[in-house]
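Structure, as C-alpha cells:
Just so it is clear, none of the values below were taken in a lab; they were calculated from the coordinates. This is a predicted model, so every value here is computed, not measured. A quick note on method: Cβ atoms are made from the backbone with ideal geometry, for glycine too, and the neighbour counts reach across all protein chains shown.
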Amino acid sequence: MMKYYILFGPPGAGKGTHAGAISEKYNLKHVSTGELLRAEIAAGSPLGLQAKALIDAGALVPDEIVEGMIESVFDTVKGVDGFLLDGFPRTIAQAEALDKILAARGEEVSAVVSIMISDDVIRERIAKRAAVEGRADDASEATISNRIATYHAQTEPLIEYYKNNGKYHQIFGDGATIEVNRAKVLDLMASLQ
Ligand code: AMP
C-alpha cells in the first residue's frame with residue numbers, strides 16, 4: 001500500500017517549511033497545491049489566470065481544479081512510497097473527492113498530521129514570510145485576513161471530518177524555532193509508522 005499523508009494546518013503553520021524533511025525521511029512525494037497553482041500563474045496558463053484573482057483575494061480556487069491536479073500527480077509520480085499532501089484538501093468536498101480518488105485505487109488516507117497555531121501567530125508568520133518569499137498573497141493585510149477567515153469557514157471543519165474517522169493527529173507549531181517545531185512534527189510522523 002502507498003502512504004497518503006495530509007499535512008494540515010492554517011496558513012503560516014509551517015507546512016511548507018517541514019514538508020521537505022518529512023518527505024525525504026519517508027520517501028514521499030511532496031505535493032503542494034499552492035505551489036502548483038503558483039507555477040501555473042508564473043507560466044501564464046489559462047488555469048493560472050483563473051486562479052490568480054482568487055488567490056490574490058485570499059479565496060480558494062474551485063475544488064475541481066485542485067482535485068484534478070492531485071489526481072494527475074497520483075497518476076504520474078512513480079518511485080516513491082507515498083505522498084505528502086500540503087494544502088490539500090482544504091474543503092469537505094475536497095476531502096470527500098480525495099477519499100473517492102483513493103478508494104478507486106484501493107487506497108486510503110494514511111493519517112492527517114496537523115500543525116496548529118493561533119490566528120495571532122498566523123499573522124506574525126505571514127508577515128515574516130512576506131519579507132522573504134515575496135508572495136503576492138502574503139503582502140496585503142486584506143488578503144491575509146480573508147485567508148484566515150477562509151481557513152476557519154471552509155478548512156477547519158476538516159478537523160472533525162478526520163477526527164471522526166480516527167485519522168487526525170495534531171501538534172502545536174508555535175515553538176520558538178523551526179528546529180523545535182520540526183522535531184515535534186517528525187516525532188509525530190515516527191509515532192504513526
Ligand atoms: P498555500 O500555498 O497552500 O498557502 O496556497 C496559496 C493559495 O492557493 C490559497 O490561499 C488558495 O487560494 C490556493 N489554494 C491552494 N491549495 C488549495 C486548495 N486545496 N483548494 C483551493 N485553493 C487552494
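Residue by residue through segment 35-58, note down the ones that are in contact (Cβ under 8 Å) with a residue 12 or more places away in the chain, touching a Lys or Arg at 6+ places or on another chain (Cβ under 9 Å) and more than 10 Å from the ligand (Cβ to nearest atom). Within segment 35-58, no residue meets the criteria. Right, residue 88: among the hydrophobic types (A, V, I, L, M, F, W, C) and part of a strand (DSSP E or B) or not? Spelling it out, it is not the case that residue 88 is among the hydrophobic types (A, V, I, L, M, F, W, C) and part of a strand (DSSP E or B).
Once segment 59-85 is narrowed to residues that are within 30 Å of residue 136 (Cβ to Cβ) and in a loop (DSSP other than H, G, I, E, B), the residue that is farthest from the ligand (Cβ to nearest atom) is 77.
Do we have residue 28 as surrounded by 20 or more Cβ atoms within 10 Å (Cβ to Cβ) and on the phi < 0 side of the Ramachandran plot here?
Numbers: surrounded by 20 or more Cβ atoms within 10 Å (Cβ to Cβ): yes; on the phi < 0 side of the Ramachandran plot: yes.
The answer is yes for residue 28.
In segment 132-153, which residues are surrounded by 16 or more Cβ atoms within 10 Å (Cβ to Cβ) and among the hydroxyl-bearing types (Ser, Thr, Tyr)? Passing the criteria: 143, 150, 151. Residue-level analysis places residue 29 outside the set of residues that are among the charged types (D, E, K, R) and touching a residue at least 60 places away in the same chain (Cβ under 8 Å).
Within segment 91-129, the only residue that satisfies the criterion of being part of a helix (DSSP H, G or I), touching a Phe, Trp or Tyr at 6+ places or on another chain (Cβ under 7 Å) and of a type in the set (Gly, Ala, Ser) is 95.
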